[in-house]
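Some notes on the structure that comes next.
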Amino acid sequence: MKKLLVFVVVLLLTTLLLTPFITANSDKDKPLQATDVELVKKITVRGKPQGGKPSKDSATGILGIPCSGNKYAIVIGISNYPGTANDLQYADDDAESMSYALTNLYGYLPQNIHLLEDMNATYDNILAAVNDVKNQAESDDEIFFFFSGHGAKGVADDGDSEKIDESIVSHDVSNLIFIWDGQLKTWFEGFHTSRIIFVFDSCLSGGMTDLKVPGRVINMATTESGTGYEFDSLGHGQFSYYFVNEGMINGKADKYDHNEDHVQDDVTIEEAFDYARANCVIQKPTISDSFENDLLP
């Protein structure tokens, strides 16, 4: 009887001690409650952007440690949001161009890319993709996370100390679902690799610096308070067009030669960002680069 009583007491104490951790681990995966939420829509513009601007170079021409392992990507583009009021024209095209560049220029295998578009780019599917990559990635691997769509701001209980939080906007097929910066930070904790690239083509994306840790490069289409644009003449979001289509695929960002062949598939992340920043009008791209030297995906 005494042994049974001791067992029950130990079981009860264990449950009480573990409950906060179980709850915390569950809560980080759920959509978070937020107040004062404001959807900040990317703006579709007719016509062609006129004139870029000189920019300070982020690229040095000196490559860092090359990737010796596998490469995984999560590529998201949402043009078709629930209903019609929040739809975009070219965010899904941005995602397809990014996926093309990764597979055709940078050696990513199609089976290692989670391409999530429109109604398939739900909150649950994005989280599942992050967890799938997290479970596979090892210390020598590389991870690429790309998002094109809407942004939002509000006051969210996402674990950081910011008064105003920023988010990327997903959905559950019926409603908009916000993935807050502090929540993304939590999702990307515990990865075995420190070689992670983020690209955000959305309004307010400059607020995604919560994700900053050594070994990461965060490319953001706007400032923390800025608006993103897509142009019908480009058929893409402005930042994605110059970052991916012109900068990477067409090789126009290739400022430094990083190999003896002088081919155009050696555009680094910093070079692509510099090219996009120099050509974007109205919006101001920003970068947080914690990777040693330039990063060639």
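The values are calculated or read from the model by the stated rules, or taken from the named source; none is laboratory data. Only a predicted model underlies this, so the values are computations on that prediction, with no experimental measurement involved. Glycine gets a Cβ as well: all are built from the backbone with ideal geometry, and neighbour counts include every protein chain shown.
Please specify each residue of segment 107-124 satisfying the condition of being outside any strand (DSSP E or B), touching a residue at least 12 places away in the same chain (Cβ under 8 Å) and under 19 Å from TYR81 (Cα atoms).
Residues satisfying the conditions are ASP118, MET119, ALA121, THR122, TYR123, ASP124.
Kindly indicate whether TYR256 is assigned to a loop (DSSP other than H, G, I, E, B), over 20 Å from THR103 (Cβ atoms), in contact with a helix residue (DSSP H, G or I) (Cβ under 9 Å, 6 or more places away or on another chain) and among the aromatic types (Phe, Trp, Tyr).
yes
Restricting to strands (runs of 3 or more DSSP E) lying wholly in segment 1-85: which have 3 or more residues that are loosely packed, with under 10 Cβ neighbours inside 10 Å, touching a strand residue (DSSP E or B) at 6+ places or on another chain (Cβ under 8 Å) and at pLDDT below 95?
In segment 1-85, there are no strands (runs of 3 or more DSSP E) which contain 3 or more residues that are loosely packed, with under 10 Cβ neighbours inside 10 Å, touching a strand residue (DSSP E or B) at 6+ places or on another chain (Cβ under 8 Å) and at pLDDT below 95.
Take ASN245 and tell me if it is farther than 17 Å from LYS42 by Cα, in contact with a His (Cβ under 8 Å, 6 or more places away or on another chain) and at pLDDT 95 or above.
In short, yes.
Matching residues to (1) touching a Phe, Trp or Tyr at 6+ places or on another chain (Cβ under 8 Å); (2) modelled with pLDDT under 95; (3) basic (Lys, Arg):
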{"residue": "ASP93", "(1), (2), (3)": "no, no, no"}
{"residue": "ALA152", "(1), (2), (3)": "yes, no, no"}
{"residue": "GLU162", "(1), (2), (3)": "no, yes, no"}
{"residue": "GLY190", "(1), (2), (3)": "no, yes, no"}
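Which condition breaks for GLU162 when tested against (1) on the phi < 0 side of the Ramachandran plot; (2) charged (D, E, K, R); (3) in contact with a strand residue (DSSP E or B) (Cβ under 8 Å, 6 or more places away or on another chain)?
Every listed condition holds for GLU162 apart from (3).
Give me the residue from segment 61-100 that is of a type in the set (A, V, I, L, M) and in contact with a Gly (Cβ under 9 Å, 6 or more places away or on another chain) and, out of that set, nearest to ASP132 (Cα to Cα).
ILE76
When you look at ILE196, is it within 29 Å of ALA59 (Cβ to Cβ), free of Cβ contacts under 8 Å to residues at least 60 places away in the same chain and out of contact with any helix residue (DSSP H, G or I) (no Cβ under 6 Å at 6 or more places or on another chain), yes or no? Don't jump to the end; show me each part of the working.
Values: within 29 Å of ALA59 (Cβ to Cβ): yes; free of Cβ contacts under 8 Å to residues at least 60 places away in the same chain: yes; out of contact with any helix residue (DSSP H, G or I) (no Cβ under 6 Å at 6 or more places or on another chain): yes.
When the stated conditions are applied, ILE196 passes them.
Could you check, for segment 247-270, whether at least one of its residues is aromatic (Phe, Trp, Tyr) and more than 17 Å from the chain's Cα centre (by Cα)?
yes
Pairs only if they're at least six apart or on different chains, beta carbon under 7 angstrom, first in segment 212-223 and among the basic types (Lys, Arg), second modelled with pLDDT of 95 or more; list them, first residue then second.
Hits for this filter: LYS212/ILE218; LYS212/SER288; LYS212/SER290; ARG216/ILE196; ARG216/PHE198; ARG216/SER290; ARG216/PHE291.
Counting only residues that are surrounded by 18 or more Cβ atoms within 10 Å (Cβ to Cβ) and of a type outside the set (Ser, Thr, Tyr), which one in segment 100-111 is modelled with the lowest pLDDT?
Of everything passing the filter in segment 100-111, LEU105 is modelled with the lowest pLDDT.
When only residues in segment 192-211 that are farther than 29 Å from ASN86 by Cβ and either out of contact with any Lys or Arg (no Cβ under 9 Å at 6 or more places or on another chain) or at pLDDT below 95 (or both) count, which is surrounded by the most Cβ atoms within 10 Å (Cβ to Cβ)?
Per the criteria, the residue is THR193.
For segment 173-222, list the strands (runs of 3 or more DSSP E) that sit wholly inside it and hold at least 3 residues that are of a type in the set (Val, Ile, Thr); which are they?
Because the criterion is at least 3 residues that are of a type in the set (Val, Ile, Thr), the strands (runs of 3 or more DSSP E) in segment 173-222 that meet it are 196-201.
What are the pairs, 6+ residues apart or on separate chains, where a residue within segment 125-140 that is on the phi < 0 side of the Ramachandran plot has its Cβ under 9 Å from a residue that is small (Gly, Ala, Ser) and at pLDDT below 95?
Between residues of segment 125-140 that are on the phi < 0 side of the Ramachandran plot and residues that are small (Gly, Ala, Ser) and at pLDDT below 95, the close pairs are LYS134/GLY190; SER139/SER194; ASP140/SER68.
Determine which single condition VAL133 fails, assuming it passes every other condition in (1) part of a helix (DSSP H, G or I); (2) surrounded by fewer than 20 Cβ atoms within 10 Å (Cβ to Cβ).
All conditions pass for VAL133, except number (2).
Given (1) under 19 Å from the mean Cα position of the chain (by Cα); (2) more than 18 Å from ALA276 (Cα to Cα), where does PRO82 come up short, assuming only one miss?
The failed condition is (1).
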